[in-house]
Amino acid sequence: MAAPFQFSRFVQWGKKIVAVGRNYVDHVHELGNKVPTEPLLFLKPTTAYITKGQSIIIPKNCQELHHEVELGVLIGEKCTDVPKHQAMSPVAGYVLALDMTNRTIQGQAKAKGAPWSVCKGFDTSCPVGDFIPKDQIPDAQSLTLTLKVNGEIRQNGNTKDMLFKIPFLISYISGIFTLEPGDLVLTGTPSGVGPVQSGDCIDAAIEGLSKISFNVK
């Protein structure tokens, strides 16, 4: 595994972002979707990343931009089709992230059965916090995730409520896409997603571990 300091620069050299949709039952229900029987995956390009000091830019074709707070799992070792019981071994650590979603385009895509690349992968759609080494989080399935917009709490969930847990996700995803050092797996969002507008400020946190703040323009 590469030296820990290198993972702090994952935004610069990571190759892909693999995201999981509908991984919290309450979130599935709030958008009127069916509970999946296997992980729903989509990809975001690394050009979606932004970090502290940058802003979320509302896409030109977007009438409704939604926030989604997520736990990101950062991969530290190349893995292909890793068994579930070994799936935490390639993990380097974790990242607090947002999966910003162009709900306008997503609604159209869902109606057509079309991919989600445009509604999920636009520039600035993946704001992230600092890398958290794996040894600082003994149990990644008991973390409280919160998100506020202009100081008002919108999302307050816990990773224990994931439909598909992290080891299963790593095993499942690596059976489809080889995961490489610097890749980020977004593990889904709890309920409470909603719209933001230009001028809003989003504050999110992994309780006691990480905080991020991004302005919307």
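The values are calculated or read from the model by the stated rules, or taken from the named source; none is laboratory data. Model, not experiment: these values are computed from the prediction. Here the Cβ is made from the backbone with ideal geometry for all residues, glycine too, and neighbour counts use every protein chain on show. Areas reflect the complete protein model, heavy atoms only, side chains present, ligands, DNA and RNA absent. Shrake-Rupley method; radii C 1.70, N 1.55, O 1.52, S 1.80 Å.
For this structure, a couple of remarks:
- Between Lys211 and Glu64, the contour length at 0.36 nm per residue exceeds the Cα-Cα span by 50.5 nm.
- In the stretch 1-54 the Cα-Cα distances spread across 10 Å bins starting at 0 as 19, 33, 30, 17, 1 percent of all pairs.
- Estimated FRET transfer efficiency (Thr178, Lys110; beta-carbon r; R0 30 Å; 0.05): 0.55
- Order of exposure, largest accessible area first, which applies to Phe122, Phe177, Phe7 with probe 1.4 Å: Phe177, Phe122, Phe7
- Three principal axis lengths of the stretch 79-211 [C-alpha, angstrom, descending]: 43, 39, 25
- Under 19 Å from Lys134, Cα to Cα: lysines that are on another chain or at least 8 residues apart: Lys78, Lys84, Lys160, Lys165, Lys211
- Contour excess over end-to-end distance, with Cα ends at Val118 and Leu43 and 0.36 nm allotted per residue: 26.0 nm
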